[in-house]
1. At a Förster radius of 51 Å, what calculated FRET efficiency corresponds to the Cβ-Cβ distance of Q187 and I151, to the nearest 0.05?
2. Given labels modelled 7 Å from the Cα in the Cβ direction, how far is it in nm from R56 to F25?
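Any read-out appearing in this document is the output of simple, stated calculations on the displayed coordinates, not a laboratory observation. In this text, all values refer to a predicted model and were calculated from it rather than measured experimentally. Neighbour counts are summed over all protein chains in view; Cβ atoms, including those assigned to glycine, are modelled from backbone coordinates with ideal geometry.
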Amino acid sequence: MGEKEGFKQLVNYALIIGLFIIAFFVIKPIIFAIIYGILLAYIFHPIYRLTLKGLRYKTLSALVVCVVTIAILLTLIYVLLSSLLSQIINFYLTLQTIDVKSILAQILPSIISNTEISAVLANSIDISISRMLANSATALGDFVFNLPTFILHLLIVLLVFFFGLRDGEKAFEYFQSLSHLKKETQQKFFTHFRNITRSVLIGEIIVGVVQGLVAGVGYFLFGAPNALLLTLLTMAVSIVPIVGPWLVWIPVDVYLFVNGNPNAGIGLLIYGLFLVNWIDAVIRPAIVSRNTELNTVIVLIGMIGGLQIFGILGLIIGPLTLAYVLLVAELYRKNLNEPVIFKKEETLEER
């Protein structure tokens, strides 16, 4: 190859890399919306297949699944947000007249409640409440200010969801065609790819159901009204990565405080913080580790790192990313016949 030809190839590579860099910055602001749309398309793809058998038209089937899914999600969001907003307003109004010292006198032992400790605690709680209200007002203002951006991202989610349902199989076949692996190795890779993704998403559903059930026990124990309905709502929101069980049990806790039941409010607060919220950190690694045969430590690292970078969605993206990286590494190892160090017991080909 001549020097001139080598220079042309170098320029071509530089242009290609530059295009990929520009493309990355183009999609970076909406990357999470795209990921959400892809996840929704993957989760609801079996329902789309069933709908397609009945309607026989891809566009119509994808549209029906999208419309029904959106209607259910919007109804759920409306019920939750209306309840949450109502409780927040009531809580705010109650805080204006609440007597923190009297509540401490009911909760704390008489020896403590009659001393300066009670006054210090009451003052600290008053300051914390004021800060919480100020932060809530700021967050609400930010949400209203960023509402157009939120609507735009939601539109992108819906578009990716729709086209992911309709054209997802073609896109998957296209990415398969880009692979330079042997056909047998390629088939194994994409089979394990699907299994890993399915296992992580199934783990998300199981964790959500368990969190809802445990939260439901707390609702019954502390006398929350409509405990069964609240349990079902907690299950529903716990399955969604962007939210979680706190969206239900915190308003319930606020309701208990507002309606003059501080002991139950304190009990549910402790129960939610140290039991309901921690289920996610205990059960999810075990489920993902078992179904994907990844070491529990790797799953935990993926969850923690993903949470730091991607937020709540990182609880799914983190373990998935590490699982994909280790899958690629193991396929490479197979070609070199080197021992694997990441698997616990058996290799992918032995499964």
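1. Working: r = 42 Å, r/R0 = 0.81.
The calculated FRET efficiency here is 0.75.
2. So the two model labels end up 5.1 nm from each other.
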